[in-house]
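K.L.:
There's a structure below that I have some questions on.
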Amino acid sequence: MRAIVQDVYGPPDVLRLEEIDRPLPGPGEVLLQVHAAGLDQGVWHLMTGTPYAIRAAGFGLRAPGQRVRGMDVAGCVEAVGPGVTRFRPGDEVYGTCAGSFAEYACAKEDELAPRPARLTPEEAAVVPISACTALQALRAGRLEPGGRVLVIGASGGVGTYAVQLARALGAGHVTGVCSTPKTDLVRSLGADEVVDYTREDPVDGIRRHDLVLDIGGNRPLRRLCRALTPRGSLVIVGGETDGRWIGGHDRQLRALVLSPFTRRRLRGLTSRPRPEDLRVLGGLIESGALTPVVDRTYPLAEVPDAIQRLREGGVRGKTAIRVGGPSAHGG
């Protein structure tokens, strides 16, 4: 099968398209014919091995432990391993696995769910990691009906889902923060108000919110807290800084330390897609309350270009990788 592989950590040019052996499903696993894969910032971090905490977490100290990149996946069950009961060959599914930038990949049964019928494979493939992260962030922030929500990074992968989910879960007022070219997109997702951060400060302390989601940002905690009501919640989702060891996660650690000493609730988020969350998201997708935003779709051979564009910040929503099977125009 064809797959995008790497043997050393580094920039996108360490990736190459190769013919490798097709994997075999083990106990509790299914073999997928991959139709499409999703791309997110996590792929960059696993490709470069930075921050270094990723390597210490078991992904390979000197070289990647997993040669094939990619995590989000949508495809068709080709075969099942021993003990699999929820799926059978021919089922269309979506979820996560190790190595989705390939024509075939093995996934754990409990990391998959049936693909929503109204989504193409490319649309479904960009849901699992980012949409589950957005859903879990809103839960962690204890979103209440009628609450005011601020989404910083509203035009990105997690942010586009967070805006829509906040509306679907009963928020009274949703404010999205993004750059000038992306304001129309965020408004179309259902944001009541859009703040262009290149023109005004979204955390100037004038407007207060019951819940602030800071997605992939780098603003100091003290500034973010200015945007909270006296008992509001701040949830930090990731972070992109130049720190080699823990990257932007230092803010999450500080939030954890400071939270017991304030009436506000400060926390970082470590998310993981769960099949029960995928089923909740699937219901919202089928009802029309949630729609994936696919900025662009690349063929498998152009994964390095797709990753580079993602890091340059030009992506609106999510990037999909078309691998095989039915296309966005073919059913």
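K.L.:
Could you work out the relative contact order of region 171-328? I mean the mean sequence separation of Cα pairs under 8 Å and 6+ apart, divided by the number of residues, in percent. Mind showing how you got there, number by number?
P.N.:
Details: 210 pairs, mean separation 21.3, N = 158.
Once divided by the residue count of region 171-328, the mean separation gives 14 percent.
K.L.:
So what is the relative contact order of the chain, in percent, for Cα pairs below 8 Å that sit 6 or more residues apart?
P.N.:
On the way: 818 pairs, mean separation 66.7, N = 331.
Taking the mean separation of contacting Cα pairs over the length of the chain, I get 20 percent.
K.L.:
Then there's this: So, by mean Cβ neighbours within 10 angstrom, what's the order for 251-257, 158-164, 71-77 with the highest one leading?
P.N.:
158-164, 71-77, 251-257
K.L.:
Short version: ³J(HN,Hα) in whole Hz for each residue of region 254-263, in order, from phi by Karplus 6.51 cos²θ - 1.76 cosθ + 1.60 (θ = phi - 60°), x for Gly and Pro, what are they?
P.N.:
Couplings: 5, 4, 4, 6, 7, 3, x, 9, 9, 6 Hz.
K.L.:
Next question. When a footprinting reagent is the concern and you count Cβ atoms within 10 Å, what order do S271, S287 take, fewest first?
P.N.:
Fewest-to-most ranking of S271, S287: S287, S271.
K.L.:
In deg cm²/dmol, rounded to 500, what helix-only [θ] at 222 nm does the chain give when every DSSP H run of at least 4 residues adds -39500 (n - 2.57) and the total is split over its residues?
P.N.:
-7000 deg cm²/dmol
K.L.:
Still on this structure, please answer the following. Taking Cα atoms, how many degrees apart are the long axis of helix 275-287 and the longest axis of the chain, rounded to 10 and kept between 0 and 90?
P.N.:
80 degrees
K.L.:
Also, quick follow-up: Using the Karplus curve 6.51 cos²θ - 1.76 cosθ + 1.60 with θ = phi - 60°, work out ³J(HN,Hα) for each residue of region 161-173 in order, rounded to whole Hz, and write x for Gly and Pro.
P.N.:
6, 4, 4, 5, 5, 4, 5, 5, 8, x, 4, x, 8
Only the coordinates and a few stated rules stand behind these numbers; no lab work does. Everything quoted here is computed from the prediction, not taken from an experiment. Positions of Cβ are generated from backbone atoms using ideal geometry, with glycine treated the same way; all protein chains shown enter the neighbour counts.
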